[in-house]
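Let me begin by presenting the structure, written as structure tokens, before commenting on it.
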Amino acid sequence: MTEDECAVRELVEKWMDASRRGDLDTVLNLMTDDIIFMTPGREPFGKEEFRAASEAMSGVEMDGRAQIQELRVLDGWAWIRNHIELTVTPPADGEPVHRSGYTLSILQKGDDGRWRLARDANLVT
């Protein structure tokens, strides 16, 4: 496995760990400023919309895992196909909601040598 492949896998682990801890700042630092998210039934949205939606979920507990199914790196770009399983538990003893599905993500290596998520098509339902 190349150094870049290891770095991309590490980014996925950091994202999941930060999400479990509710560490929005870390998650935001793992994406480009011009990121575009695509989800079923919604218009594409960017970093600020992601931030607002995450802040609106204050108190929600999240647990999950991402399993990389496929990973390719090419000249400062990488793409990954993940299978994600999530359990989201609302505050105040709410019923846990289980979601799972696939994502197709494009990452970009910045001038600083760090990989960041640039595009994400999320099919988790």
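Structure data summary
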{"read-out": "Residue of ALA56, ALA92, ALA78 that the Gaussian network model of the chain assigns the largest fluctuation, springs spanning Cα pairs under 10 Å", "value": "ALA92"}
{"read-out": "Helix-derived mean residue ellipticity, 222 nm - over the chain, DSSP H n ≥ 4, -39500 (n - 2.57), to 500", "value": "-8500 deg cm²/dmol"}
{"read-out": "Rounded to the nearest 10 Å², the accessible area of LEU74 at probe 1.4 Å", "value": "120 Å²"}
{"read-out": "Solvent-accessible heavy-atom area per residue, rounded to whole Å², over the chain at 1.4 Å", "value": "63 Å²"}
{"read-out": "Whole-number percent relative contact order across the chain, with pairs defined as alpha carbons under 8 Å at least 6 apart", "value": "25 percent"}
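The values are calculated or read from the model by the stated rules, or taken from the named source; none is laboratory data. Note that the coordinates shown come from a computational prediction; the quantities given were computed from them, not determined experimentally. These accessible areas exclude ligands, DNA and RNA; they are computed on the full protein's heavy atoms, side chains included. Shrake-Rupley method; radii C 1.70, N 1.55, O 1.52, S 1.80 Å.
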